[in-house]
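First comes the structure, then the notes that go with it.
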Amino acid sequence: MNNSSLWQDAVRRLIQNRAAMIGGITILLLIILAVFAPWIAPYSYSYQNLDIGASPPSAEHLLGTDVLGRDLLSRLLYGARISLLVGFVATGVALVIGVSWGIIAGYFGGRVDSIMMRIVDVLYGLPFIIFIILLMVIFGRNIWLLFAAIGAVEWLTMARIVRAQVIGLKNQEFVQAAQVMGVSNFSMFRRHILPNILGPIAVYATLTIPQVMLLEAFLSFLGLGIQPPMSSWGTLIRYGVESMEEHYWLLIYPGLTFTITLFALNFFGDGLRDALDPKTSDN
Amino acid sequence: MLNVLIRRILIAIPVLIVVASLTFFFIRLAPGGPFDADKVVSPQVMKNLNAAYNLDAPLHEQYFDYMSGVVVGDFGPSFRYPGRSVSEMIYTGLPITFELAFYALMIAVALGIFSGVLAALKRNTFLDYFPMAIAMLGICVPTFLMGPILVLVFGINLEVLPVSGWDTLSGDKLLPSITLGFAYAAYIARLSRGGMLEVLGQDFIRTARAKGLSEFSIVTRHAMQGGLLPVVSFMGPAIAGLLGGSFVVETIFQIPGLGRFYVEAAFNRDYTMILGTTIFFSAMIIFFNLLSDLAVLLLNPRARENL
Amino acid sequence: MKKITSIFLVAILYGCGSSVSPVDQGLIDQVMHIGNGSEPQGLDPHIVTGVPEHHLLITMCEGLTISNPEGGANLPGMAESWEISEDGKTYIFNIRKDAKWSNGDDFLAEDMVWSWMRVLTPSLGSQYPDMLYYVVGAEEFNTGVITDFSKVGVKAIDAKTLEVKLNNPTPFFLGLLSHYSTWPVHKETVLEFGEIDDRQGLWTRPGNFVCNGPMNLKSWELNKKIIVEKNPLYWDADQVKLNQMHFYPVSDINTEERMFRAGQLHLTSTVPSQKCGVWREEGNPNLRIDPYMGTYYYRANVNVEPLNNAKVRKALTYSIDREKLTEKVTQCGQIPAYSFTPPGAAGYNPDTEIPYDPELARQLLSEALEEEGISGIEDFPVLQILYNTSEDHRKIALTIQQMWQQNLGINVELENMDWKVYLSRQNSMDYQISRAGWIGDYEDPNTFLDIMRTGRGNNRTGWSNQEFDELVGKANATADQEERYRLLGEAEKILIDELPIIPVYTYVRSYQLSPDVKGYSPNYLDHHHPKTLYLERD
């Protein structure tokens, strides 16, 4: 079996998927904008202009200003850094832990599975807010810690889904065949199990990213997340909801950006799934 | 099956004890006590307050006191609301949150599975793109945005639905349930579409088609069992999320549910209330995870050894 | 499918569209709907501590005196008249002959004595016993120094006469009596459900609750609604026109605003700040902005370098543009504060000044840098502003952060903590600058200046000034109001010269009030007695 040609096939399929490509390019663009935000942004994200207060889009402020006179476009650009970071890092953390946990629990079954899933149950039950408060207090306001904390919550669901998938796979013929052939466990995971569950994982990962971004907004709103004046898209949307009727631009632009990003992520994720799982594509 | 059920229920007890114990100790680590207030009181008064609630006893003594109460169903008095016991507050709020989560789940499952399966069947057509686009919207639009928008449109501008409260099914219970359920409908739609596509691409489906079975029978009797597997295993986390996410909806619509109590208890450092609701929510999550695992088993009998 | 959908929609519309709004219905039934901010901690006046609790308790219980709706000196409550001795230290209260409890029992002077004993009982853990510390022996009883309550200066001379002895002539004592911790509770009811110091007693439940005010507790649905209804046995029941008052614990201010708009509330507890500015411009007729006895300020921890240097604190204070802040940021009619005590409180007008002078501020700062041996502004330590989670605190902190950074060239960081962490950091003095607010408990400048005395629990800045302490102490022992105000004014000058606290603005009470509500007058302490309220539509 030549694995590289399978991957080459997958890449080829991905490239041919127009929606996925558009999604992927959009994400790339956003990442570039976020990275270069300090150079691109017309104003600082914290500079207040109290005399103009909240003003609609104009020549000086392309997307308008918020109640403290801060330029929305600049805040969106800087916010991209936070949100994209949160999205990718926290989801990444959740992925790594959740997938490994789920594969091991699902594949080995029995006692191992039982203990692993009961630990998941315990972690599910603990009050999340208190946990975050404690983390912030003991370790200070470290943004990476925040991401890790969010990831630490999301991996639980990932583990459950992966485990269910693995259980389904485990009893299929090709797995049993490989077992008979004496394939090592690690090899089993890497070459047989993992490729076959990448599909649902990709889909679920693209679902986790928005959840993570909104969870960050929720935490920031409760005073447990990013310190002002820095804001993420989630917090910008939150502020926008409050002034929804008086200053509509404060909601529409962050909301639109958020939605477009997630749509793009989604198309790309779907494309990934389709590329990696030929049986579900249109051949 | 019964063995599995009993074994899981028995294991749930130590799990709950671990959750309760961990929570007991680490809520006391968070700075700020239940009686810290803006207007500072004299040290004597603080001493009196702590004594009234046994907070000056050694920690392990408090722990055993508390746990022995829990065993007989006594979750202690609320620290924040003198005269209210935690059990009383939970019994007041839990049914309401449960009801809200139930309606939301019904909406989520009905809408989600229907659109997800439809999208999978009519793949790459309008009937795929449109529901999935709405689903994406549902995932992107957070409850704290959807709620106020629905209220502004239906409650204030059109004046057809009440703006807050929790009294009548066709009245003020409608908007909160939709707000909470819509996001989950979106997730379920995507998960079921993904799952169905997986299954529909498999050989045995091809065989069934070749054998000339009706599309309807293929979908319902052969494909759904496996295709909805991700949805079924998502039920556990979904319910956990609904119970947790109810807080935002309860705040927006002024619903006296347990979600609000729980979050407020955390911020008030109402130790007994935090513990009581944690135990209850944990128990419910464990229960629903168990149900969902059983359902996975039912749909996939060869997975027995994993339970 | 289409048919079913349309039937469904019509059913919903029919079911809901034809209902009358609570405000409209309330007009007919004389039922008032009130947004009350949060679920009350309880209804025991000797245990609770908050403002929502006050709004409820003022409808159900009454103290010796009540606040005057027009402002000024308190009016008779349970006491229909009183005599004050020459030296101002002995009060004789004549209890109303027709005063009754809501269960028909006569209201006796003995009831007040027992109630004050209860609130001062240490094991009850009341958080406001200091309201009564002006009474002889009260502080000693509450701190356990004495255990015999007969040594405390409150006695029932006869069934309807109460004698109170104070440590010092306390001109604001009558005003103090409108604070709920001094209000009476019904002894038999309390003892039926527990001991005198039992915090878990169920006597406050509907059906058990007995008190002496214009309304009585009808129902209490946790986190949903509390209903009080007219008490026919109240001594002034003829004046009470409302039949019921419904209190809703709405915690989200935007939800409360929507409820008001939809006709579910007559009165809100507050106004979302981003709407206030817009409404003031438009001239929203339902918007009310009343003066309120409170100050929004920043505490400076004088034990921390470089805040130990008064010039640094002055520099910080003089570089805040209060006018701009209240006009552009808080936008709801707040008044820039140039003193700690709100001016005009009971005729007290502090003669203090705080200029907005960035030039002077920079000069003071560089002088301070020299004194402290710091070479340049770049070496000035980063200052952290601690505040608890709230939209308004955040906006103000952001604005002040920018003002300090721009006007002084220093670095400022913001620390947003949740409520309890914020409290604990302040209590343990683990902060540099922290946001604070103080609301007066009674209408006298002493309620503000007293907290800045050395070692006072609410001081929390580490500041101590002997002259200040002496002036305030002397003022408390003086009977002559003019002399008192002179002394307090001197004390205030010292405070504003040393600036351990940085005043920002004077509070206002902003809320929405339905035009149907009559008899609701602005009150400096936000005390609104229900017997003046009624509903009428023009």
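Relative to the Cα centre, what is the charge dipole magnitude of segment A:109-166, using +1 at the beta carbon of each Lys and Arg, -1 at the beta carbon of each Asp and Glu, and rounding to the nearest 20 debye? Walk me through the numbers before you get to the answer.
Values: 5 positive and 3 negative charges, 12 e Å.
The dipole magnitude comes to about 60 debye.
With unit charges on the beta carbons (Lys and Arg positive, Asp and Glu negative) and the dipole taken about the Cα centre of the protein assembly as shown, which residue among C:Ile354, B:Phe154, C:Gln127 sits farthest to the positive side? Positive-end residue among those listed: B:Phe154.
Which of A:Leu250, C:Leu525, B:Leu150 has the fewest other C-beta atoms within 10 Å, and how do the rest follow up to the most?
Values: A:Leu250 27, C:Leu525 22, B:Leu150 19.
Lowest to highest Cβ neighbour count: B:Leu150, C:Leu525, A:Leu250.
Think of segment A:1-73 as having a plus end and a minus end, set by charges on the Cβ of Lys, Arg, Asp and Glu; of A:Ile31, A:Gln16, A:Leu63, A:Gln16 sits farthest toward the positive end of this dipole. This model, with +1 at the C-beta of Lys and Arg and -1 at the C-beta of Asp and Glu, gives segment B:1-88 a dipole about its Cα centre of some 260 debye.
If you take every residue apart from A:Ala90 with its C-beta less than 10 Å away from the C-beta of A:Ala90, what net charge results, scoring Lys and Arg +1 and Asp and Glu -1? Provide the component values of the computation, followed by the final result.
Numbers: positive: none; negative: A:Glu154, A:Glu216.
Result for the local shell: -2.
Exceedance of the 26 Å cut-off in Cα-Cα distance is limited, within the set C:Lys230/C:Lys275; B:Lys47/C:Lys474; C:Lys97/C:Lys225; C:Lys165/C:Lys493; C:Lys100/C:Lys230; C:Lys311/C:Lys493, to C:Lys230/C:Lys275; B:Lys47/C:Lys474; C:Lys97/C:Lys225; C:Lys165/C:Lys493.
Cα gyration tensor of chain A, axes a ≥ b ≥ c as square roots of the eigenvalues: rounded (a/c below 1.5), prolate (a/b > b/c) or oblate? Kindly include the intermediate steps, with their values, before the conclusion.
Values: a/c = 3.12, a/b = 1.69, b/c = 1.84.
Oblate.
Approximating the spin labels as points 7 Å out from Cα along Cα→Cβ, the C:Glu536-to-C:Glu86 distance works out to 4.9 nm. Here the calculated FRET efficiency for C:Glu323 and C:Met429, from their Cβ-Cβ distance with R0 = 35 Å, stands at 0.65, rounded to the nearest 0.05. Partner shielding of C:423-435 amounts to 2, given as the average count of beta-carbon atoms from other chains within 10 Å of each residue beta-carbon.
Compute the helix-to-body angle for B:258-268: its Cα long axis versus the longest principal axis of chain B, expressed 0 to 90° and rounded to tens. Approximately 40 degrees, to the nearest ten.
Taking a ≥ b ≥ c as the square roots of the eigenvalues of the Cα gyration tensor of the protein assembly as shown, is the shape rounded (a/c under 1.5), prolate (a/b larger than b/c) or oblate?
Taking the square roots of the gyration eigenvalues as a ≥ b ≥ c, the protein assembly as shown is prolate.
Note the angle between two axes, namely the Cα long axis of helix B:86-121 and the longest principal axis of the Cα atoms of chain B, as a number of degrees from 0 to 90, rounded to the nearest 10. Long axis of B:86-121 versus the principal axis of chain B: about 20 degrees. Residues whose amide H falls under 5 Å from that of B:Ser85, counting only those 5 or more places apart or on a different chain, are B:Ser78, with hydrogens built in the peptide plane. Relative to the dominant Cα principal axis of chain A, helix A:128-139 is inclined by about 70°. Overall form of chain B: oblate. Here a/c, set by the Cα gyration tensor axes a ≥ b ≥ c, is 1.5 or more, and a/b is not larger than b/c. Each of A:Phe36 and A:Gln16 was given a label point 7 Å from its Cα along the Cα-to-Cβ line. The distance between the two points is 3.4 nm. Ordering C:Ser181, C:Leu242, C:Asn142 by the projection of their Cα atoms onto the charge dipole of segment C:142-258, which places +1 on the Cβ of Lys and Arg and -1 on the Cβ of Asp and Glu, puts C:Leu242 at the extreme positive end. Calculated FRET efficiency, C:Asn208 to B:His60, Cβ-Cβ distance, R0 = 45 Å: about 0.75 to the nearest 0.05.
Modelled spin-label separation between A:Asn185 and B:Val72, with each label point placed 7 Å from Cα along the Cα-to-Cβ direction: 4.7 nm. Give me the distance between the Cα centres of segment C:468-523 and segment A:193-250, rounded to whole Å. Comparing the Cα centres of segment C:468-523 and segment A:193-250, I get a distance of 45 Å. Panel order for C:Asp379, A:Asp274, by other beta carbons found within 10 Å of each beta carbon, from fewest to most: C:Asp379, A:Asp274.
Cα centroids of segment A:125-167 and segment C:111-162: 52 Å apart.
Setting aside same-chain residues fewer than 8 positions from B:Lys39, which aspartates and glutamates have a Cα under 14 Å from its Cα? Filter leaves C:Asp130, C:Asp441, C:Asp450.
Counting other Cβ atoms within 10 Å as a rough exposure proxy, the listed residues C:Lys531, B:Lys211 run B:Lys211, C:Lys531 from fewest neighbours to most.
Placing +1 on each Lys and Arg Cβ and -1 on each Asp and Glu Cβ, with no other charges, gives segment C:151-284 a dipole about its Cα centre of roughly 80 debye.
Here, each number is a calculation from the coordinates, and none is a lab measurement. All values derive from a computational prediction rather than experimental measurement. Because the Cβ atoms are built from the backbone with ideal geometry, glycine has one as well, and the counts that use them run over all protein chains shown.
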